[in-house]
1. How would you rank 234, 120, 204, going from fewest to most other Cβ atoms within 10 Å of each one's own Cβ?
2. Which translational diffusion coefficient, to the nearest whole µm²/s, is obtained for the chain from the Stokes-Einstein equation, given a Kirkwood hydrodynamic radius over C-alpha pairs, 4 °C and 1.567 mPa s?
3. Output the 0 to 90 degree angle, nearest 10, between the alpha-carbon long axis of helix 2-16 and the longest principal axis computed from the alpha carbons of the chain.
4. Using Cβ contacts closer than 10 Å as the measure, can you line up 29, 264, 272 from fewest to most?
5. Roughly speaking, what is the stretch gain from residue 376 to residue 241, that is 0.36 nm per residue apart minus the C-alpha to C-alpha distance, in nm to one decimal?
6. Between the stretch 61-130 and the stretch 172-217, what is the C-alpha centre distance in whole Å?
7. Give the peptides 219-229, 79-89 in descending order of average Cβ contacts within 10 Å, highest first.
8. Express the relative contact order of the stretch 93-133 as a whole percentage, based on alpha carbon pairs under 8 Å and six or more residues apart in sequence.
């Protein structure tokens, strides 16, 4: 009887002990105030499911540092359980056989029916689901300072002639018309919106997805490059290489009246206590009102020895669920990947983004700078060339076009010119 009593007591004590949560290390580059809040939202939801999020945040705009760290860790056989990856890189890692297939999760949650076509296609490889999409960012967004615009009696510009008249008036009033950093990726982010404005989604895809070298000699690209250079007169002088958050601070502090950048800026402004449609507003970059230059936040799961598969599948299921989609994207500034997203919960910026994106491929263009359109080699080379042109006023526009065409030909893998 004593032995039975002792055994029973031990069982009671074991049941009373807290269950050790399983840990998943997640590598990402969400390090700004709003990005950190969005990640913390995911952390809190995982805790409710008995999972611990071990943070591996790598600072650096556009994920440049994070990708270097990820490659180094994988080569050292120290891959995290989950990592932020975007666009074609997902398939590249999948081709190496390193990613966990999520077919069971996708089938059970009916991802094929519940996720919008473009995000769903971006996480599939040869019929298998190999990643989980979190949200869609709109790159071609123009933010404007409500206080300055009201003070000067201005309306947000819809066309480039309107933009120039507005910017000239702002400059005469003593404000910086356009907040901008000289960082290469930020210059390239502005550039790709200008390309979309000049050529539309089909031409944009000819350049950066189909990689047709002859398309780089098109006058539309020349006009986009010249506009990029012409906008210098509305930017800070001299233009410094500063983080995107510091660039956004110029808008927040009433120093600058406008900024063209992805809608993660909205999440950051909100995190600083600035309300959408009160402190600031947003519209599409002039000439792109019915177009969507997009980037999709995505997490992949590294298979390893499959010892964490259950926890990884739970993470994937959780982040695509309706409640988490709504909460995460509201903080991040992006919009849900789900077809059943509730637009009543969105502010005007997010509503416009989501309603444009759901129109499908005819209005969509995948961001080159933010890893949706092409591989790293082409992205890095084009970004560097655009930055060189932007910083060197002596370089002829035709020379920049010739060099970009040469990059595409040298790297190959594009469609043949007809």
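Each reported figure results from applying straightforward, stated rules to the coordinates on display, with no laboratory input. Since this is a predicted model, take the numbers as computed values, not measurements. Positions of Cβ are generated from backbone atoms using ideal geometry, with glycine treated the same way; all protein chains shown enter the neighbour counts.
1. Lowest count first: 120, 234, 204.
2. In µm²/s, the coefficient rounds to 57.
3. In the chain, helix 2-16 runs at an angle near 10 degrees to the longest axis.
4. Fewest to most other Cβ atoms nearby, the residues stand as 272, 29, 264.
5. Gain on extension, residue 376 to residue 241, equals 46.4 nm.
6. Value for the Cα centre distance between the two parts: 27 Å.
7. By packing density, highest mean first, the sequence is 79-89, 219-229.
8. Relative contact order here is 48 percent.
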